[in-house]
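First up is the structure itself, then whatever we jot down about it.
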Amino acid sequence: MYELAIRIYMDRIYSGISKNKQFLLGLYPFFWAFILFFGSLGFLLVGTSSYLGRNLISLFPSQQIVFFPQGIVMSFYGIAGLFISSYLWCTIFWNVGSGYDRFDRKEGIVCIFRWGFPGKNRRIFLRFLMKDIQSIRIEVKEGIYARRVLYMEIRGQGAVPLTRTDENLTPREIEQKAAELAYFLRVPIEVF
């Protein structure tokens, strides 16, 4: 069971992902980035070997794959896969989406910080007054791709998500996190 990393100090809450869960969540993007990179590299090599008429990969003789149309299609899939793989590697190395939530009752401020893609909006820093928080909202979608998301409803701003997209919390974990935040912020909990 993973432990939620909510640390309560006298008048503050810092929320993030625990180190164990962060490590496990970090393995999945590496896994898919490796699979996509090597798979697309294989497609590109097969397409290139069909064009050159040489066996660049010994598993597939180039005589069995005609360059037009199979070789062109495999080359296209290989190039497209390499672009998607490079996008995944960039999001991993730039740590896109990571950050922290800080709730300070003494100052009456909520700060949400996230890392984005490089550029002028690399650092995403949102600051709200605690009195503008209307509620903590839990959105549950059951089915094959079950998803549970925790939002903070802010007056005039809409809903701000507090959980990561790749963070699949159990119903108990999300209820516990929502209850702790709602208790600390003194706001109601809504379930959708």
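The values are calculated or read from the model by the stated rules, or taken from the named source; none is laboratory data. Being a predicted model, the structure only gives us computed values, none of them experimental. Cβ atoms come from the backbone with ideal geometry, glycine included; neighbour counts cover every protein chain shown. We work out accessible area using only protein heavy atoms, side chains counted, and drop any ligands, DNA or RNA first. Shrake-Rupley method; radii C 1.70, N 1.55, O 1.52, S 1.80 Å.
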(request) Give Val46, Val66 a once-over and let me know the one that is loosely packed, with under 15 Cβ neighbours inside 10 Å and over 30 Å from Asp132 (Cα atoms). (result) Val66
(message) Anything in segment 132-148 that is within 21 Å of Ser98 (Cα to Cα) and modelled with pLDDT under 90? List them, or say none.
(response) Arg147, Arg148
(message) Is it the case, given these coordinates, that Arg54 is closer than 30 Å to Gly158 by Cβ and open to solvent by 30 Å² or more (accessible area, probe 1.4 Å)?
(response) no
(message) Among (1) buried (at least 16 other Cβ atoms within 10 Å of the Cβ); (2) more than 17 Å from the chain's Cα centre (by Cα); (3) more than 18 Å from Arg186 (Cβ to Cβ), there is one condition Ile133 misses while meeting the rest; what is its number?
(response) (3)
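Checking the conditions here, which among Ile154, Ile92 is surrounded by 17 or more Cβ atoms within 10 Å (Cβ to Cβ) and among the hydrophobic types (A, V, I, L, M, F, W, C)? First the steps, then the outcome.
Numbers: Ile92 fails: surrounded by 17 or more Cβ atoms within 10 Å (Cβ to Cβ).
Matching residue, one of Ile154, Ile92: Ile154.
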(request) Go through segment 95-123 and count every residue that is open to solvent by 50 Å² or more (accessible area, probe 1.4 Å), of a type outside the set (A, V, I, L, M, F, W, C) and in a loop (DSSP other than H, G, I, E, B). (result) 9
(message) If Glu107 satisfies all but one of (1) over 13 Å from Leu129 (Cα atoms); (2) more than 27 Å from the chain's Cα centre (by Cα), what's the number of the condition it fails?
(response) (1)
(request) Answer yes if at least one residue in segment 108-131 is among the polar types (S, T, N, Q) and either touching a helix residue (DSSP H, G or I) at 6+ places or on another chain (Cβ under 8 Å) or not assigned by the TED database to the domain that holds Gly158 (or both), and no otherwise. (result) no
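Considering only residues that are within 19 Å of the chain's Cα centre (by Cα) and open to solvent by 50 Å² or more (accessible area, probe 1.4 Å), look in segment 69-88 and name the one that is farthest from Leu45 (Cα to Cα).
Let us first name the residues in segment 69-88 that are within 19 Å of the chain's Cα centre (by Cα), namely 83-88.
Applying the additional criterion that residues be open to solvent by 50 Å² or more (accessible area, probe 1.4 Å) yields 83-84, 86-87.
On the way: Phe83: 15, Ile84: 17, Ser86: 17, Tyr87: 20 Å.
In this case the residue turns out to be Tyr87.
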(request) Please list, ordered by first then second residue, the pairs with beta carbon atoms under 8 Å, 6 or more apart or interchain, first in segment 161-173 and farther than 19 Å from Phe125 by Cβ and of a type in the set (Asp, Glu), second at pLDDT below 85 and surrounded by fewer than 12 Cβ atoms within 10 Å (Cβ to Cβ). (result) Asp166/Tyr28
(message) When the residues of segment 172-192 are narrowed to those that are open to solvent by 100 Å² or more (accessible area, probe 1.4 Å) and closer than 10 Å to Ile138 by Cβ, which ends up modelled with the lowest pLDDT?
(response) Phe192
(message) Here is a list: Arg148, Arg164. Which entry is open to solvent by 20 Å² or more (accessible area, probe 1.4 Å), of a type in the set (Lys, Arg) and not in a loop (DSSP other than H, G, I, E, B)?
(response) Arg148
